[in-house]
C-alpha cells in the first residue's frame with residue numbers, strides 16, 4: 001500500500017467522481033482508477049461501488065476513509081516537521097488546553113522548557129472532543145482534557161483526579177459547608193453545554209439523578225468566570241467548577257465542595273503512533 005493510493009482514494013471518496021478526483025490530483029483519470037483497483041486488491045475489500053452513472057462508498061470504504069485521512073495527516077505532519085528541521089524552525093509544540101488548569105499548566109510548561117530551552121510553545125483552547133480530533137489529525141501534538149476519551153488513533157493517559165465545587169450565592173443557607181445537590185432545589189442549575197465540557201456536564205447530572213433531583217435549568221455557561229460573577233451579583237443560580245476557584249468570594253459568591261465529593265479524571269492525549277518516551281516525558285511534566 002502506497003501513500004499515493006490513499007490520496008487517490010480520499011480524493012475519489014470526497015468527490016464521488018473519478019474525473020473530478022483526477023482533475024483535483026492533477027493526473028489522468030485512468031491512473032486514478034488503476035491505483036484504486038490496486039488498493040482494493042491489496043486490502044482485499046471493495047471500497048467503491050461504480051456504475052456508469054455514479055460512484056458511492058461501500059460500508060468498508062466509509063470505515064477506511066477516516067483511517068486514510070488520519071494516515072495522510074500523519075504523513076503530512078512528518079513532512080512539515082522535516083521542513084522545519086531543514087529550515088531551522090524546529091521545536092514548535094502545540095498543546096491543547098482546558099479551562100481552569102492553572103498551576104498544573106504552569107508547572108508542566110516550565111518542566112518542558114527546562115528540558116528543551118528552545119521549545120516554541122503554542123497553547124490552543126478548545127473542548128475535549130475537539131482536541132481529540134485535532135490530535136488524531138496531527139493538528140495538535142498533545143492535549144490536556146477532562147473526562148473519558150475514546151478516539152481511534154489517540155491514546156488517553158490518566159494523569160490526575162480533580163474535585164468539583166459548587167458555586168452559589170453567599171446568602172444561600174447551604175453556602176457555609178459541603179453541599180448536597182438536593183439542598184439546591186430552589187436555585188437554577190447553570191452548566192456548560194454538553195459538547196463544551198462533557199465530563200463536568202455528565203458528572204453533575206448523574207449526581208442529580210442519583211439523589212433523585214430534577215434540577216431547574218438556567219442559561220448555559222459560556223464562560224465560568226462570568227457566570228461566577230453573575231451569581232455573586234444576585235443571579236439565583238448555582239453552577240459547578242473544576243477545583244476551588246480561589247478568589248470567588250471577592251465577587252459575592254461562595255464556593256463549597258460537594259457532599260459526598262464529586263470528581264472527574266484528567267487525561268493527557270497523545271497520538272497512538274507517537275514514541276512512548278515522548279508520551280512518558282509529557283505525562284511526567286503535567287502529572
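The values are calculated or read from the model by the stated rules, or taken from the named source; none is laboratory data. Model, not experiment: these values are computed from the prediction. Please note: Cβ atoms are built from the backbone with ideal geometry, for glycine as well, and neighbour counts cover all protein chains shown.
When we screen 101, 47, 72 for residues that are more than 21 Å from residue 282 (Cα to Cα), surrounded by 16 or more Cβ atoms within 10 Å (Cβ to Cβ) and at pLDDT below 85, the only hit is 72. Of all residues in the range 110-131, those that are more than 13 Å from the chain's Cα centre (by Cα), without any contact (Cβ under 8 Å) to a residue 40 or more places away in the chain and outside any strand (DSSP E or B) total 7.
Has the range 169-178 got any residue that is modelled with pLDDT of 90 or more and surrounded by 22 or more Cβ atoms within 10 Å (Cβ to Cβ)? Looking for residues that are modelled with pLDDT of 90 or more and surrounded by 22 or more Cβ atoms within 10 Å (Cβ to Cβ), one finds none in the range 169-178, hence no. In the range 269-276, the condition of being closer than 30 Å to residue 134 by Cα and in a helix (DSSP H, G or I) is met by at least one residue.
Pick out the one residue from 67, 23 that is surrounded by fewer than 17 Cβ atoms within 10 Å (Cβ to Cβ) and closer than 30 Å to residue 135 by Cβ. Explain how you work it out, then say what you get.
Numbers: 23 fails: closer than 30 Å to residue 135 by Cβ.
From the options 67, 23, the qualifying one is 67.
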